[in-house]
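The values are calculated or read from the model by the stated rules, or taken from the named source; none is laboratory data. Note that the coordinates shown come from a computational prediction; the quantities given were computed from them, not determined experimentally. Cβ placement follows ideal geometry from the backbone for every residue including glycine, while neighbour counts extend to all protein chains displayed. In case anyone asks, the SASA skips ligands and DNA or RNA and just uses the protein heavy atoms, side chains included. Shrake-Rupley method; radii C 1.70, N 1.55, O 1.52, S 1.80 Å.
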Amino acid sequence: MKVASSICAVLLTAICWLQPAHADKPLLDGISKRLQPSSPQSGTFEQRKFLQILPLPLASEGTFALSEEGELVWTVTAPVHSQLTFGKEGITQMVDGKESWSVGADQAGASSLGNIMRALLSADWSVLQEYFHIRGELNQDSWKLGLTPAESGLSAAIVRVDLQGNHYLRQIQLLEHNGDRTEISLTPAAVPLDQ
Amino acid sequence: MSLPAPPILTSRRAQYLGLAFWLLVLCTAGASILHKFQQGYQFDSNLLALLPATEQDPAQSLAAERLMGAADDQLLVIVGAKDAALSLNSAERVLRQLESSKLFARVEGPRKNQDLVGAQQFLERWRYQLLSPAQSQQLQRADVTLVNDALGRLYSPLAALIGPKLIQDPLQLHFLWQMQAMPKTPFEPRQNWLTRQIEGQSQRLIRVHLKYSPYAYGYQQQVADLLHQIRTEADSDTQVLASGLVLHAAYGARQARQEISTIGLGSALGILLLLGLCFARLRIILLAFLPLASGVLLALAISMQFFEKVHLITLAFGASLVGVAIDYPLHFFCARRETLAGDSPAQSLFRILPALSLGLASSIAAYSAQAMTPFPGLRQMALFSAVGLLGAWTTVICCLPLLTPHTTEPSRGFYGSLVTALCRWLRRWPTIEQGRCRWILVALVSVALVAAINMNRQDDLRLLQTSPPQLLEEDARVQNILGADHPGQYFVIRAQSAQLLLQRELSFSRELQRLQQQELIRGYNAVSSVILPAAMQEENLRLQRQQIYAEGGLLDLLAEKMGLPTFADQARSQFSQNSQASPLLPRQWLQQPAGEYHRRLWLGDVDGHYYSIIGLSGIQNEAALETLRALADTDTAVVFVNRADQISQVLATYRQQLTQWLLLAYALVMGLLIFRYGLNSWRVLAAPATASLVTLACLQWLGAPFTLFHALALLLILGIGLDASIFFTESRCSPHTWVAISLSSATTLLAFGLLALSSTPVLQFFGQTVFIGIISVWLFTPCFVTPTART
């Protein structure tokens, strides 16, 4: 009996190894359980963009909101005013209430980043697994994930995406080539008292 | 009654010489056909090739070839499922099945996105001069919103994409330009698969390149079977959709084969049975088909010599028109039956030779008019039919006397009773000599004429459509998921040089953008969306220098707002080092792997002019098509091509031409017959003419439309009716001739009339017309050609 169950365990591990897409299932399920079910997601963000060529990071802040239809509205309030909407149809930028730029989802290379941001904020692992190999750890009161691009077009732009969180996704770090990186810290709109 | 035949027909030596000569000709014909095929001779199946050369622009046919040719050799397979992991698994399985079949030249499943990345890197060299027209305008007025927008993006998650190139492209103009300049595709690489999320399903695209022609019969069936197997083995939650010419061709071929094995077998058995009953000898039955077979062989050899590409339509209808030639041996054999004791085959042949030759001459006269038309299809058909009939006629003369048994069978058995029965029937049959019959005929012809004139003409492309609705529906679904350019609708643009062509494309694109905003079309693809005219590239470079990089320009403003004055210097030094590139030229881009799609659109130099295609996608409705047509009408250098319209146009023109020619053919034949029959010539033509009118009236009554294929069938009716009347007149209404006419009508009915049962519209139309027409010819001939009306 004991032998049988250990063989089972070995087999299961082997299967997990053979199917990397499902290897993180317990981990991701665990994180999903930890995350507060609060939809629509909204809150404030602080972004710091580190560039090798610049002495100082570019810092900005604003709000974000994910609608039930899965549309992400990203509003920068400082140092400039600009609103970007990442939707299924593509990306739209509004400056001073006027549409200043938009790109349709059928333009090659345009839709992926928006899709990834939307999936990150709604913890849609199945979408993220289509773009990344996911590894990570789940601790007592926090979790960390490292997402490596599984797709060559994406890996030309992004080396890795690191996520950190507890009951919420707290930080997104996009690591680019040449040591550049984008750090985004998120604060949910309504933080429960125990946080 | 009979003159002795001249020695050239009766002498044994002359007969053997004739046979040897003719066998030599046929062998040469056979060898030349084989030789042509070895050289890779191919039949034409492009319907537009049937248009006269003047109406067919070389650039347009090149465009059609590029777009359709590429599409025809492909099979698109889309594997979809609600669950992304399942759709990936299924797609991988389908890919393995496709690859392991070894049926294809190339199977493109998951792809590295190297093309796009490579294109981005390639285009970067020209980043300071490639701008969209809107961007140029904004630069011209030094629009400050350019700076604000750039900052808005830089302070958003897009920074991850923009950051690495910030110094090279501080206002992100090139970044934005690239996104909108690349050909649109709703597919996005996910897990290295081109994937589209649509209607809650994750759809993965597999592009399969065929190894052999989509028309190769055995190959088509293998592909169709493989697809069937893939579908039955697929997971129940997975949907496998496929679209490609090969599937339609496979269906059409399978259907044709089924019909040949049912209708074809039925008619072959019927003909053999009929001839077997009448002549009771296998040798004679085989000899009956010899002239037909030799005629087709000769016709094919000569046509292949004369025309660079013989059209499949020529082959199909030409061969059926040569079918008239079955008359010749039948008349010969019936004449043998009628023969006086001791007559040699040569003597019998000599007796029917005038009728045989007159029948041939009148048919050839008719076809020669057809050969005058500028329509390649009609000309090919005319040559094919004329040569075929001539070949059949020669075969009868050179081969039959020698190969036919010398002894004549007495008219007993089935043949004997047939002669007796038909004789009795003939005696009772009303003729135009009787007053009452005359008035009935006049009334009938007038009514039929009115009905024929009022027939509903139809030239719709769907006439040629043989595919079942489920196949068409699947195509539509694949097209919807693909969201690709429609290969059947596009613009062809012309200019004097490559640069002027780019300029013209660009200004025409503005109109298309307007239609896009009105949501009449979803989008368009043009080479000029990547390659700007050289003059514009230089102008853009000047604008960048003046409005962005000059002291106090937009760059300084940006750096100031970022709070990093040194950034401006870094970007400026990049600009001064890298802004010397000469303009990007079309050929540089088209050589790139990512330029593949544009390579198809760029036709380049054709006969001293430059041409390109603008592809269209998502044409919303008929009104949108109308707008596109109207748009092309405003510019003489732009042509809107709608292949469905074009093919309908071909069908309509051919129908009109053929109808006119049919009337002319009657006139020509009449002119020829006058030499022999004088004032009685009308009697010879009356039967086919009346039969044709009555046929049209019947079709009208049945609710059938009048199409090109009905007109073609009327040609066959003229041929058969003419032969029947001429033989009947020449033999002075001999019962044996009437048996021959009846037999030939019956075989034609069996061979072509049964096509009325086909489910392919084209064959069905031809069949029903022949069916009614031949019966009418047979009924009307004895009305007009009467023993009292001899010359």
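Among all the lysines, which ones have a C-alpha under 24 Å from B:K561's C-alpha, if same-chain residues fewer than 8 places away are not counted? Straight-line reach from B:K561, under 24 Å: A:K49, A:K98, B:K165. In this simple spin-label model, placing a label point 7 Å from the Cα along the Cα-to-Cβ direction at both B:A630 and B:E92 gives a separation of 5.4 nm. Hey, what angle do you get for helix B:435-453 against the long axis of chain B, alpha-carbon based, 0 to 90 degrees rounded to 10? Orientation of helix B:435-453: about 10 degrees from the principal axis.
As a test of reading the structure, rank A:D141, B:D225 by solvent-accessible area (1.4 Å probe, protein chains only), most first. Each step should come with its number before you reach the end.
Details: A:D141 110, B:D225 85 Å².
Of A:D141, B:D225, the descending order of accessible area is A:D141, B:D225.
Sorting check: for B:702-708, B:163-169, which peptide has the highest mean count of neighbouring beta carbons within 10 Å, and how do the rest follow? Write out the running numbers ahead of the final one.
Numbers: B:702-708: 17.9, B:163-169: 19.9.
By packing density, highest mean first, the sequence is B:163-169, B:702-708.
Of the residues B:Y219, B:Y597, ranked by 1.4 Å probe accessible area with the largest first, the sequence reads B:Y597, B:Y219.
What does the average come to when, for each residue of peptide A:145-152, you count the partner chain Cβ atoms lying within 10 Å of its Cβ? It would help to have the intermediate numbers written out before the result.
Working: counts 0, 0, 0, 0, 0, 4, 10, 8.
Mean shielding by partner chains, rounded to a whole number: 3.
Peptide packing: for B:135-147, B:30-42, the average count of neighbouring Cβ atoms within 10 Å per residue gives the ranking B:135-147, B:30-42, highest mean first. List residues of the range A:77-94, by number, whose backbone nitrogen lies under 12 Å from a label position 7 Å along Cα→C-beta of B:D143. Inside the label zone: nothing. Protection proxy ranking for B:738-751, A:51-64, using the average of other Cβ atoms within 10 Å per residue and placing the highest first: B:738-751, A:51-64.
Projecting the Cα atoms of A:G43, A:L169, A:A156 onto the dipole axis of the range A:24-188, where Lys and Arg carry +1 and Asp and Glu carry -1 at the beta carbon, places A:L169 farthest toward the positive end. Taking label positions 7 Å along the Cα-Cβ direction at both A:R160 and B:Q305, the computed distance is 7.9 nm, reported to one decimal. Spin-label pair B:I8-B:T262: with each label point 7 Å from Cα along the Cα-Cβ axis, the two points sit 5.1 nm from one another. Mind running the shape call on the range A:24-188? Use the C-alpha gyration tensor, a ≥ b ≥ c as the square roots of the eigenvalues: rounded below 1.5 for a/c, prolate if a/b tops b/c, oblate otherwise. Because its axes are fairly even, with a/c under 1.5, the range A:24-188 counts as rounded. Name the residue from B:A105, B:L616, B:L749 whose Cα lies farthest towards the positive end of the charge dipole of chain B, charges +1 on Cβ of Lys and Arg and -1 on Cβ of Asp and Glu. It is B:L749. Ordering B:L532, B:F508, B:S582 by the projection of their Cα atoms onto the charge dipole of the range B:504-654, which places +1 on the Cβ of Lys and Arg and -1 on the Cβ of Asp and Glu, puts B:S582 at the extreme positive end.
Entry comment: accessible area of the protein assembly as shown is 44 Å² per residue, from protein heavy atoms only and a probe of 1.4 Å.
What's the extension gain from B:Q591 to B:E99 if we count 0.36 nm per residue and subtract their Cα-Cα distance? Intermediate results must be reported in sequence, preceding the final value.
On the way: separation 492, 0.36 × 492 = 177.12 nm, distance 2.84 nm.
Going from the current span to full extension adds 174.3 nm.
Explain nothing, just the number: dipole magnitude of the protein assembly as shown about its Cα centre with +1 on each Lys and Arg Cβ and -1 on each Asp and Glu Cβ, in debye rounded to the nearest 20.
Numbers: 74 positive and 74 negative charges, 856 e Å.
With Lys and Arg at +1 and Asp and Glu at -1, about 4100 debye.
Could you list the residues of the range B:135-150 with an amide nitrogen less than 12 Å from a label point located 7 Å from the Cα of A:D96 in the Cα-to-C-beta direction? Within reach of a label on A:D96, which here means backbone N under 12 Å from a point 7 Å along Cα→Cβ, the range B:135-150 contributes B:143-149. Dividing the Cα radius of gyration of the protein assembly as shown by 2.2 N^0.38 Å, with N the residue count, gives 1.28.
Taking the Cα centre of the range A:24-188 as origin and charging only Cβ (+1 Lys, Arg; -1 Asp, Glu), how large is the dipole, in debye to the nearest 20?
Numbers: 13 positive and 20 negative charges, 81 e Å.
Value, rounded to 20: 380 debye.
Can you give the calculated 222 nm mean residue ellipticity of chain B, where each DSSP H run of n ≥ 4 adds -39,500 (n - 2.57) and the sum is split over every residue, rounded to the nearest 500 deg cm²/dmol? Write down the numbers at each step before the final one.
On the way: 32 runs with 502 residues, N = 791.
So the calculated ellipticity at 222 nm is -21000 deg cm²/dmol.
Straight-line cross-link partners of B:K36 among the aspartates and glutamates, defined as a Cα under 13 Å from its Cα and at least 8 positions apart when in the same chain: B:E308.
Projected onto its three principal axes, the C-alpha set of chain B covers 121, 54, 52 Å, listed from the longest axis down. Counting Cβ atoms of other protein chains within 10 Å of each Cβ in B:82-91 and taking the mean gives 2. If R0 is taken as 56 Å, the Cβ-Cβ distance between B:S759 and B:E108 corresponds to a FRET efficiency of 0.95. For B:K102, the lysines whose Cα falls under 19 Å of its own Cα, not counting residues fewer than eight places away in the same chain, are B:K211. A 1.4 Å probe over all protein chains sorts A:K49, B:K82, B:K211 by accessible area into B:K82, B:K211, A:K49, starting with the largest.
Per residue of A:74-80, how many C-beta atoms from partner chains lie within 10 Å of its own C-beta, taken as a mean?
On the way: counts 5, 2, 6, 1, 1, 5, 10.
Mean number of neighbouring Cβ atoms from other chains: 4.
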